[in-house]
1. Conditions: (1) crowded, with 21+ Cβ neighbours inside 10 Å; (2) within 23 Å of residue B:109 (Cα to Cα); (3) modelled with pLDDT under 95. Residue B:80 meets all but one. Number of the miss?
2. What is the number of the single condition among (1) over 26 Å from residue B:132 (Cβ atoms); (2) surrounded by fewer than 21 Cβ atoms within 10 Å (Cβ to Cβ) that residue A:121 does not meet?
3. Residues in the stretch B:148-167 that are aliphatic (A, V, I, L, M) and closer than 10 Å to residue B:43 by Cα: how many?
4. Among the residues of the stretch A:112-156, what is the count of those that are touching an Asp or Glu at 6+ places or on another chain (Cβ under 7 Å) and under 19 Å from residue B:60 (Cβ atoms)?
5. Out of A:93, A:62, A:77, I need the residue that is within 14 Å of chain B (Cβ to nearest Cβ) and either out of contact with any His (no Cβ under 7 Å at 6 or more places or on another chain) or among the aliphatic types (A, V, I, L, M) (or both). Which one?
6. Only one of (1) within 11 Å of chain B (Cβ to nearest Cβ); (2) within 15 Å of the chain's Cα centre (by Cα); (3) among the basic types (Lys, Arg) fails for residue A:87. Which number is that?
7. Filter the strands (runs of 3 or more DSSP E) completely within the stretch B:41-113 down to those with at least 1 residues that are away from every other protein chain (no Cβ under 14 Å) and farther than 19 Å from residue B:135 by Cβ.
8. Out of everything in the stretch A:125-163 that is without any contact (Cβ under 8 Å) to a residue 40 or more places away in the chain and at positive phi, what residue ends up being surrounded by the fewest Cβ atoms within 10 Å (Cβ to Cβ)?
Amino acid sequence: MNRFLKRLRALRPLVLSLPLALLAALPARAEYMGGGYLSDAYGCERYGWPLGTEMVRARLNARQLGGWTSELVLNFAVGGSNTYRFRGDVTQAPRWHRVEGAVVWGRLYDLGSRTQIRILSVDLAPYSGGAISEHAPTIRLRARIRNFNGLQGCAVTATLMLNTWDQPGS
Amino acid sequence: MTRAMARPGRRNWARLASLTLLALGCGGGTALAETEFLGGGFLVVKYDSCAEYGWTGTHQVLARLAPQGAPGNPEDQTQIALLLSTGTIAFRYDNVRRYRYTQTIDEATYVWNGPWSPEEPTMNFYYHYVGNIPSADDTAIDNLVLVFNNFNEHPGCQVDAYLALRRN
């Protein structure tokens, strides 16, 4: 038994270094940050919010730049935030992505399973068109969100100006 | 959250009501019925030109814009407020609707600690030739790129503001 434990102890540095090695093997992800607004609210009247134009700050990780999911975080100017995680690229497409995520308003809620996101457009701002890549530091993103904020039947469009902050040359 | 919001109990309605009040309070920042655009984007320092003043990289920003000539607004003064995470920059200028024309800022107030309004602001900017120029009859200004010089009154500090805004 003692001999077995000694062998196990000898393996400890390897066990510790394995997760670190895996972490280092992950590609560096470019994170976009910026802000914009929410508009075109539909079906949200009964909740009282959002109704008009809402200012937001935002962060975005695009799946195509490394990782298994895309992630969008919206921080509302009035307080509170939503996170959206979906298995799809941040690319203009007619499909709706199922979203997992969280809602914070005073406390933390699960977003539920009914929220969906659709990428309406991606532009390499200030120009029109283009696609997210390692060489696209600045983008304008438009996305439609169903069951926004976990509110059943409430849909909004987010229009966001975003810039990579953690990539050389950005 | 979905379930909670789908069938709101009393507590949820209370929260939604307070949210609505909050939203109304934030929207009601202006005394007159002026035409205002709300949105945000980012500021990015160019050529590391502001490092000596402590400014580097990208900054999230919220923004308000009241274009001249729109209902309730002055005829000869456009107002922009840049709401940064830790301070605010607000300024007025007479909008010359030309690309790459240096817009003269008539009044600027910087709120980092106490409002400071210089006699003659040295900060100026021009519109990026691909982006929008605000006008009174816009619905959305989704591609507004302001190319600043002497940003925040720092000599030689060059910052670009990329903004997307929509009429409130």
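The values are calculated or read from the model by the stated rules, or taken from the named source; none is laboratory data. Just so it is clear, the structure is predicted and the values come from calculations on it, not from any experiment. Using ideal geometry, Cβ is built from the backbone for each residue, glycine included, and neighbour counts are taken over all protein chains shown.
1. (3)
2. The one condition residue A:121 does not meet is (1).
3. Total satisfying the criteria: 3.
4. Final tally of qualifying residues: 2.
5. A:77
6. Residue A:87 satisfies all of (1) within 11 Å of chain B (Cβ to nearest Cβ); (2) within 15 Å of the chain's Cα centre (by Cα); (3) among the basic types (Lys, Arg) except (1).
7. The qualifying strands (runs of 3 or more DSSP E) are B:88-93, B:103-111.
8. So the residue we want is A:129.
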